[in-house]
1. Give the residues of segment 25-79 that are in a loop (DSSP other than H, G, I, E, B), out of contact with any Asp or Glu (no Cβ under 9 Å at 6 or more places or on another chain) and modelled with pLDDT of 95 or more, sorted by residue number.
2. Could you tell me how many of the residues in segment 41-79 are surrounded by 14 or more Cβ atoms within 10 Å (Cβ to Cβ) and of a type in the set (Ser, Thr, Tyr)?
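The values are calculated or read from the model by the stated rules, or taken from the named source; none is laboratory data. Bear in mind that the values here come from a model prediction, so they are computed numbers and not experimental data. Note that we place each Cβ from the backbone using ideal geometry, even for glycine, and neighbour counts take in every protein chain shown.
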Amino acid sequence: MRLSHRLGMTRIIPIAQLHAPLGGQRIELQQVDHEAGGLSLLRTRIREGRRFTVFDIDPDTALEWGQALQRWAEAQKGG
């Protein structure tokens, strides 16, 4: 079950949590739904120690980025 929470007129839905073992980063993916305008974005939060990097991307950019990640990962299997 996915738990969501609201911040004002924004709903945040957790999608995935990942841990990068070599660098120790914690990566969270969240869907951010803005009620005003019906806009949904993918939020990526990367935590390195006490530092956070947070950015929101649109569905087209998320698709392009995901395909690039998948191509790279598949290419590593052959090497």
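1. Answer for segment 25-79, where residues must be in a loop (DSSP other than H, G, I, E, B), out of contact with any Asp or Glu (no Cβ under 9 Å at 6 or more places or on another chain) and modelled with pLDDT of 95 or more: just Asp58.
2. Looking only at that region, the number is 1.
Yes or no, residue by residue, for (1) under 21 Å from Ile13 (Cβ atoms); (2) among the acidic types (Asp, Glu):
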position	(1), (2)
Thr44	yes, no
Glu48	no, yes
Phe55	yes, no
Ala62	yes, no
Trp72	no, no
Gln76	no, no
